[in-house]
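Only one structure is covered here, and it is reproduced in the block below.
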Amino acid sequence: MTDSQRKLLLTALKFVVSAALIYFIFTKINFADVIKIIKRAKAYYLFLALLLFVISKIFNALRLNLYFHGIGVCLTQKSNFKLYILGMFYNLFLPGGIGGDAYKGYLIQKKFQVGTKKVVGVLLLDRLSGMLLIFIYSCILALLLSPKILNPFKGLIIALVPLSVFIFWLVQKHFFKYALKVFWGSFGYSALLQAIQLLALFFVLKALAIQIDEIAYLFIFMISSIVSVIPLTIGGIGSREVTFLYGAKWLNLDPNTAIGISMVFFLITALVSLVGVFYHFKKPKLKVT
């Protein structure tokens, strides 16, 4: 089997898994109720959520460029942001082609010849840095859940926060030493952008007139962000919604409302990612400072 055939098969499997998960979700919820929940959304709060999501992605791009600078690829912020938004478009809308991260890595290595291992390394670290802060915020939100269902594990949850930071630092020191100098800078960007995304989701809740159990929905959102990274579906479609569905059941929330929240946030993500189609037809030039 050739590489192209393997990629085609993998993409087909992702489509099947996504479709199966979406079908499964629709058998567990009242889709008409979900649509009613979405239709009542207040445009003002949705606009704030969209604006905050865009701001979070700007900081996401800044974090990636910090890693690029760490290996001597000193892209201008403008060039880097164009490349980042193109990667978002590829990740979500062109699953059958080259992935967004792979495309960014290909262009960087082709132009700057800094070594494939380093380029792949910083792209991986960029993802892991984001995952680290998602995990940390998940731990914090877990402690704030009401009822305090995770109280028996409170000590462990608190200990996991500094432990996860230390482990990530240790991994970077031993396997990615060339990027260690930007560790705390990337950590800061990750903390900021994930906090902004949480605020964006908070405004989604406001848009849908959800005034109770906000912490629980924010917690489920963080967990769904971790699950959606697993490359089993197309752009996380299906896996994110399943997480919202079972998270809602576990925390005694309304599953229709949970799926409505997930769908609105996905639509915001898709709308912003669609901007990248412009750079698909007019490829960004990689300029350096």
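For region 125-165, the tally of residues that are farther than 24 Å from Q211 by Cβ and either of a type in the set (F, W, Y) or touching a residue at least 12 places away in the same chain (Cβ under 8 Å) (or both) stands at 20. With the condition kept exactly as written, say whether any residue in region 42-58 is at pLDDT below 90, over 23 Å from the mean Cα position of the chain (by Cα) and among the basic types (K, R). Among the residues of region 42-58, not one is at pLDDT below 90, over 23 Å from the mean Cα position of the chain (by Cα) and among the basic types (K, R), which makes the answer no. For K117, the test of being free of Cβ contacts under 8 Å to residues at least 24 places away in the same chain, in a helix (DSSP H, G or I), over 17 Å from S129 (Cβ atoms) and among the basic types (K, R) is passed. The lone criterion from (1) under 20 Å from I259 (Cα atoms); (2) of a type in the set (F, W, Y); (3) touching a helix residue (DSSP H, G or I) at 6+ places or on another chain (Cβ under 8 Å) left unmet by Y246 is number (3). Report, by residue number, each residue of region 85-96 that is of a type in the set (A, V, I, L, M) and surrounded by fewer than 21 Cβ atoms within 10 Å (Cβ to Cβ). Hits for region 85-96 are L92, L94. Scanning region 40-58 turns up no residue that is farther than 23 Å from L199 by Cβ, in a helix (DSSP H, G or I) and not β-branched (V, I, T).
Working only within region 70-84, note down all residues that are surrounded by 16 or more Cβ atoms within 10 Å (Cβ to Cβ) and either assigned to a loop (DSSP other than H, G, I, E, B) or touching a helix residue (DSSP H, G or I) at 6+ places or on another chain (Cβ under 7 Å) (or both).
Those that are surrounded by 16 or more Cβ atoms within 10 Å (Cβ to Cβ) and either assigned to a loop (DSSP other than H, G, I, E, B) or touching a helix residue (DSSP H, G or I) at 6+ places or on another chain (Cβ under 7 Å) (or both): G70, I71, V73, L75, N80, F81, K82, L83, Y84.
Of the numbered criteria (1) within 13 Å of the chain's Cα centre (by Cα); (2) in a helix (DSSP H, G or I), the one I215 fails is (1). Kindly evaluate V182 against the criterion of being touching a Phe, Trp or Tyr at 6+ places or on another chain (Cβ under 7 Å) and either in a helix (DSSP H, G or I) or over 16 Å from L21 (Cα atoms) (or both). Answer is yes for this residue.
The values are calculated or read from the model by the stated rules, or taken from the named source; none is laboratory data. Quantities reported herein were computed from a predicted structural model and do not represent experimental measurements. Reconstructed Cβ throughout: ideal geometry from the backbone, glycine too, with neighbour counts over all protein chains shown.
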